[in-house]
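Have a look at the structure below before the remarks.
The values are calculated or read from the model by the stated rules, or taken from the named source; none is laboratory data. None of these values were measured; they are calculated from a predicted model. Quick reminder, even Gly has a Cβ in these numbers, built from the backbone with ideal geometry, and neighbours come from all protein chains shown. Areas reflect the complete protein model, heavy atoms only, side chains present, ligands, DNA and RNA absent. Shrake-Rupley method; radii C 1.70, N 1.55, O 1.52, S 1.80 Å.
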Amino acid sequence: MVLTDQSKIQVNRLNKEDFIDEGKIEELLEANKHPEKKRIREIIQKSLSIQRLEPDELAALINIEDKEVWEEVFQSAGEVKRRVYDKRIVTFAPLYLSNFCVNSCVYCAFRRENKRVKRRRLSLEEVRKETEALVSLGHKRLIVVYGEHPLSNIDYITQSIKVVYQTKKGKGEIRRVNVNCAPLSIEELRMLKEVGIGTYQVFQETYSHKTYQEVHPAGRKADYRWRLYSLHRAFEAGIDDVGIGVLFGLYDWRFELMGLLYHTIDLEKHFGVGPHTISFPRLEPAENTPFVQNARYRVSDEDFKKIIALIRLSVPYTGMILTAREPAYIRRQVLPLGITQTDASTRIGIGAYSEDYRKQEAERQQFLLGDTRSLDELVRELAQKGYIVSFCTAGYRCGRTGRYIMDLLQQGKERWFCKMNAVLTFREWLDDFASSETKAQGEELIRKELKELKEQLPHFFSQFMNYYKRIKDGERDLYF
Ligand code: SAM
Ligand code: SF4
């Protein structure tokens, strides 16, 4: 592993230099205008051989003008996804624990100035109840989400994560807790690592320095570089699964895509591995938040498809997260373009899962969701289309994280572990949580998957079937 040059990072922060060179990005976008088809096809071939693209190559793809060539891009993005991840989709649920916030992000209902939002922080007993409600649906992965505030400081964050892991109900439990919270210090990140988190996510929101200042006018979040280097600090603290993201709609999506790629490259440069996941939320309406309706750079559905396909092609082996912000019809359209993870049964009001309120309540939410379908409905719909929902959390529990997992993905090796674990966890979920309709649909898919495993992994198959039968007989949490 390349050792971090932490002192250089600090010096860069002081010098007000960082790895987002806006002049260079603009130059590359300009220099790669009107790309030739031949060049585009070569770049696509590079992605298909599961290699990360360079900024000038992404700039050329961004500048494609021909509709037919965009179709090739969409097809190839789907093919890259299949080569690395097959037809697996991982699901999770977000769990909002506190919406107190000291920041002033103009796009977010939780900003401190917003008096119309009902503030609440869950007690640890309430965290347990929320987790029980999610476990009862069959979720195995959560992402816990917090505003930035002394009430949700690192002690609260770590205590609440411990409660999530300790909560069991029937055969259910949460086996991986990912975290989305404010940037932390290295010392705080070490505490987060201690409690055994999965991925640590911090979205830069926008890579444009000027826009960043405009949309974060006050509070701790106003410091662009403190946020930009938050995931470098996470690596320093020993967390090697990190998630980056852009809130699309704040600035020009073309520039933001280049920013995501430069962020990836800088993490690779310092730590030998890029982000574990990339997120690409679009601005959604939020209570008493007029900025959203007036946003100049809102992303159309057509451009959203391009964004997803281009992320898939530029960083072929990274997980890509599509959230329930998007309505069902968009999720159906973009899923084949490279998505690896998505949430289901999503409620983002504080306390919403255990209180079982199904309607959205804007004054309790950060923004409004586009898709509140249940996990059971989502699993069924995906199974009908041949996608297997994986509840696998084996990777990080077996130490397959950071660079190690990315290498395995790049070499196409992880797919076999993942495929077997997907079938095992899908079997568990069907037996423990599925409705009869979903179960029937799922059985059909499992038959197909078993046939493929038998053909493709003959040496492993008998050991796999041993686990599979034990799970059918009621044992749980067996994995490769
Ligand atoms: N408070 C922490 C922070 O800002 O880093 C936690 C993140 S916040 C609860 C999760 C993400 O939601 C933000 O990083 C932002 O990208 C996104 N978000 C905020 N307002 C949004 C809106 N109106 N529509 C869609 N996504 C939004
Ligand atoms: Fe607070 Fe995060 Fe919302 Fe900004 S996006 S106001 S930091 S909760």
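Between LEU457 and ARG82, the simple spin-label model (points 7 angstrom out along Cα→Cβ) gives 2.0 nm. Take every Cα pair under 8 Å whose residues are at least 6 apart in sequence, average their separation, divide by the length of segment 412-472, and the relative contact order is 48 percent.
Here's the list of lysines a cross-link from LYS221 could span, going by alpha-carbon distance under 19 Å and ignoring same-chain residues fewer than 8 apart: LYS16, LYS210. Sorted on the mean count of surrounding Cβ atoms within 10 Å across their residues, most packed first, peptides 170-176, 333-339 read 333-339, 170-176.
If the reach is capped at under 20 angstrom between alpha carbons, list the aspartates and glutamates near LYS454, excluding any in the same chain fewer than eight residues apart. Counting by Cα, and skipping residues close in sequence, LYS454 has these aspartates and glutamates nearby: ASP86, GLU414, GLU428, GLU443, GLU444.
Probe radius 1.4 Å, ligands and nucleic acids ignored: give me the carbon and sulfur share of the accessible area of the chain as a rounded percent. Don't skip to the answer; put the middle values down first.
Working: 9260 of 19000 Å².
The computed percentage sits at 49.
For GLU30, project a label point 7 Å along Cα to C-beta. Then give me every residue of segment 248-292 with its amide nitrogen under 19 Å of that point. Residues passing the 19 Å test: 252-259. Averaged over its residues, the chain has an accessible area of 40 Å² per residue, based on protein heavy atoms and a 1.4 Å probe.
Each Cα pair under 8 Å and six or more residues apart adds its separation to the average, and for the chain the resulting relative contact order is 19 percent. In this structure the amide hydrogen of TYR96, modeled in the peptide plane, comes within under 5 Å of the amide hydrogens of VAL145, none closer than 5 places in sequence on its chain. Neighbours of LEU313, meaning other residues whose beta-carbon lies under 15 angstrom from its beta-carbon, give a summed charge of +4 when Lys and Arg score +1 and Asp and Glu score -1.
Averaging sequence separations of C-alpha pairs under 8 Å and six or more residues apart, then dividing by the length of segment 225-316, give the relative contact order as a whole percent. Please report the intermediate quantities before stating the final value.
Numbers: 81 pairs, mean separation 30.8, N = 92.
Worked out over segment 225-316, it gives 33 percent.
Under 5 Å between amide hydrogens, built in the peptide plane, is the criterion, and for TYR297 it picks out nothing among residues at least 5 positions away or on other chains.
With a threshold of 26 Å on the Cα-Cα distance, the over-threshold entries among LYS81/LYS359; LYS67/LYS419; LYS448/LYS472; LYS168/LYS472; LYS67/LYS448; LYS140/LYS472 are LYS81/LYS359; LYS67/LYS419; LYS67/LYS448. Under a 5 Å amide H cut-off, with hydrogens placed 1.01 Å from N, MET320 pairs with ILE278, THR340, GLN341 among residues at least 5 apart or on other chains.
With the Cα gyration tensor of segment 419-480 in hand, convert its eigenvalues to equivalent ellipsoid semi-axes via √(5λ) and list them largest first in whole Å.
Details: eigenvalues 75, 40, 12 Å².
Equivalent-ellipsoid dimensions as semi-axes: 19, 14, 8 Å.
Computed about its Cα centre, the charge dipole of the chain is approximately 1020 debye, with only Lys, Arg, Asp and Glu carrying charge at their Cβ.
For the pair VAL106 and SER136, label points projected 7 Å from Cα toward Cβ lie 4.3 nm apart.
When we measure straight from the Cα of LYS129, which aspartates and glutamates land under 17 angstrom away, once same-chain ones fewer than 8 places off are left out? Cross-link targets: GLU173, GLU355, ASP356.
Please report the net charge: other residues with Cβ closer than 10 Å to the Cβ of ARG141, K and R +1, D and E -1. If you can, show how the numbers build up before the last one.
Working: positive: LYS140, ARG175, ARG176; negative: ASP343.
Here the count lands on +2.
Here the spin labels are modelled as points 7 Å beyond Cα on the Cα-Cβ line, and at ASP473 and GLU437 they lie 3.5 nm apart.
Helix-only arithmetic for the chain: the sum of -39500 (n - 2.57) across DSSP H runs with n ≥ 4, divided by the residue total, places the mean residue ellipticity at 222 nm at -15000 deg cm²/dmol.
Using per-residue counts of other Cβ atoms within 10 Å, averaged over each peptide, order 179-190, 272-283 from highest down. Provide the component values of the computation, followed by the final result.
On the way: 179-190: 18.9, 272-283: 22.5.
Taking the mean over residues of other Cβ atoms within 10 Å, the ranking is 272-283, 179-190.
What does the extension gain come out to for ASN288 and GLU68, with contour length at 0.36 nm per residue minus their alpha carbon separation?
On the way: separation 220, 0.36 × 220 = 79.20 nm, distance 4.15 nm.
That pair, ASN288 and GLU68, stretches by 75.1 nm at full extension.
Write down the percent of antiparallel bridges among all DSSP beta bridges whose residues are both part of the chain, to the nearest 5. The answer is about 10 percent antiparallel. Scalar couplings 3J(HN,Hα) for segment 273-288, obtained by applying the Karplus form with A = 6.51, B = -1.76, C = 1.60 to θ = phi - 60°, are 8, x, x, 6, 9, 10, 10, 9, x, 9, 4, 10, x, 9, 3, 6 Hz; x denotes Gly and Pro. Karplus-derived 3J(HN,Hα) values for segment 167-178, using 6.51 cos²θ - 1.76 cosθ + 1.60 with θ = phi - 60°, are 6, 10, 8, x, 8, x, 6, 8, 10, 8, 10, 8 Hz; glycine and proline are entered as x.
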